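Working notes for the structure below.
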Amino acid sequence: MGMTMEAQEAKKIYKRQYRSKNRDRINAQQRAWNARNRDKLKEYQRKYWEKKAETGNIRLPWSAYGITEERYNELLEAARSGQYDAEVLSAAAKADRQAAEHIILSVVEGVSYERLEFHEKLGRCTLGRTNFYGARRLFFHYLDCALKKQQKENNMEVENG
């Protein structure tokens, strides 16, 4: 059984306050660890960049996902309607699990990255501006795929039913 949302939020707030109060000590500990474990650090960085290369580039343009301006507007309307909340949540988590709440807020309420970067309730966005908008485009791709799949299943039920 996981923690409740209230407990998770309290934990986030505590960690944020702890890090802000002990920033110098934490940075000194990290520098000391990095100095003692250079080989581990290099290995970690190598694995990180290999994995990053495998996952591909999230900064792809709209055209790479085959989403036209008309389709974008349809997807935006579907996301804002509240009718496809499960699909919206799933697509945001697939696009970027850590920034999913920021992506949803951006899409559903039309909030820009500049207002989301340091959001008072959600905290700081884990992505930079360019990667955030890349993840947002990826979100629309996943939402598009989910809605097309759902529409296809509905059409098959009507034909069979």
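Rounded if a/c is under 1.5, else prolate if a/b beats b/c, else oblate: with a ≥ b ≥ c from the C-alpha gyration tensor eigenvalues square-rooted, which is segment 1-41?
On the way: a/c = 6.52, a/b = 1.93, b/c = 3.38.
Oblate, since a/c reaches 1.5 and b/c is not below a/b.
Under 26 Å Cα to Cα from LYS47, which lysines show up? Leave out anything in the same chain fewer than 8 places away.
Correct list for LYS47: LYS94.
Add +1 for every Lys or Arg and -1 for every Asp or Glu among the other residues with Cβ under 14 Å from the Cβ of MET5, and state the total. Walk me through the intermediate numbers first.
Working: positive: LYS11, LYS12, LYS121; negative: GLU6, GLU9, GLU101.
Its environment carries a net charge of 0.
Leaving out same-chain residues fewer than 8 places away, which lysines sit with a Cα under 22 Å from that of LYS40?
LYS51, LYS52
Restricted to Cα positions, what overall size does the chain have along the principal axes? Three whole-Å values, descending.
65, 36, 35
Given the rule -39500 (n - 2.57) for each run of at least 4 DSSP H residues, summed and divided by the residues of the chain, what is its mean residue ellipticity at 222 nm, to the nearest 500 deg cm²/dmol? Mind showing how you got there, number by number?
Details: 9 runs with 123 residues, N = 161.
-24500 deg cm²/dmol, from helical runs alone.
Please give the per residue accessible area of the chain, computed with a probe of 1.4 Å over protein heavy atoms only, in Å². The partial results should precede the final answer.
Details: 12150 Å² over 161 residues.
Here the residues of the chain average 75 Å² of exposed surface.
For segment 1-76, what class follows from the C-alpha gyration tensor (a ≥ b ≥ c being the square roots of its eigenvalues): rounded when a/c is under 1.5, otherwise prolate if a/b is larger than b/c, else oblate? Could the numbers behind the result be given before it?
On the way: a/c = 2.98, a/b = 1.43, b/c = 2.08.
Oblate shape, in that a/c is at least 1.5 and b/c is the bigger or equal ratio.
Carbon-plus-sulfur fraction of the accessible area of the chain, 1.4 Å probe, in percent?
Values: 6040 of 12150 Å².
C and S fraction of accessible area: 50 percent.
Can you list the DSSP H helices in the chain whose Cα atoms extend at least 30 Å along the helix axis and whose mean Kyte-Doolittle hydropathy is 1.6 or higher? All intermediate terms of the calculation are to be shown ahead of the outcome.
Details: long enough: 129-160 (46 Å, -1.10).
Helices meeting the criterion: none.
Is there a quick way to get the dipole size of segment 49-138? I mean about its Cα centre, with the Cβ of Lys and Arg at +1 and of Asp and Glu at -1; what is the value in debye to the nearest 20? Present the calculation step by step, with values, prior to reporting the outcome.
Details: 13 positive and 14 negative charges, 71 e Å.
The dipole of segment 49-138 has a size of about 340 debye.
The values are calculated or read from the model by the stated rules, or taken from the named source; none is laboratory data. None of the values given here were measured: they were computed from a predicted structure. Neighbour counts are summed over all protein chains in view; Cβ atoms, including those assigned to glycine, are modelled from backbone coordinates with ideal geometry. Surface areas here come from the heavy atoms of the whole protein model, side chains and all, with no ligands, DNA or RNA. Shrake-Rupley method; radii C 1.70, N 1.55, O 1.52, S 1.80 Å.
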